[in-house]
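The values are calculated or read from the model by the stated rules, or taken from the named source; none is laboratory data. Just so it is clear, the structure is predicted and the values come from calculations on it, not from any experiment. Backbone-built Cβ (ideal geometry, glycine too); neighbour counts: all protein chains shown.
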Amino acid sequence: MNTNKTAAPARPSSQGNRPVQSFRIGGIKAAVWENHSGDNTWYSVTVSRAYKDGDQWKNSDSFNRDDLLGLAKVVDQAHTWICEQHAAA
């Protein structure tokens, strides 16, 4: 895991079909998606790992041992952000 990268939230996006928030540490990313049904709003989270295959960057939803701490941290940040959204509502 690259420890030189810091965990910083990306800017929220208001465009359709994009996450409302994302968190990244190195190549590990958690994307938060907003969902609506009637008056209800809830959030879901997808996680991915970026890696380079030759000259192309690709994403995977598989993580190895060295990815797990970064994965745990971005998922924790996503959880905190979602809790803050519910508290503000």
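Observations, loosely collected:
- Residues of region 50-82 classified as among the aliphatic types (A, V, I, L, M), under 12 Å from ALA30 (Cβ atoms) and touching a strand residue (DSSP E or B) at 6+ places or on another chain (Cβ under 7 Å), total: 5
- Whichever residue in region 55-71 is in a loop (DSSP other than H, G, I, E, B) and of a type in the set (Asp, Glu) and, among such residues, is surrounded by the most Cβ atoms within 10 Å (Cβ to Cβ): ASP61
- Some residue of region 72-87 being modelled with pLDDT under 95 and surrounded by fewer than 10 Cβ atoms within 10 Å (Cβ to Cβ): yes
- For region 31-59, the set of residues classified as under 19 Å from the mean Cα position of the chain (by Cα) and acidic (Asp, Glu) consists of GLU34 only.
- Residue tally, condition aliphatic (A, V, I, L, M) and over 16 Å from PHE23 (Cα atoms), over region 36-89: 3
- Identity of the residue in region 16-50, in contact with a Ser or Thr (Cβ under 7 Å, 6 or more places away or on another chain) and within 18 Å of ALA87 (Cα to Cα), that ends up surrounded by the fewest Cβ atoms within 10 Å (Cβ to Cβ): ASN35
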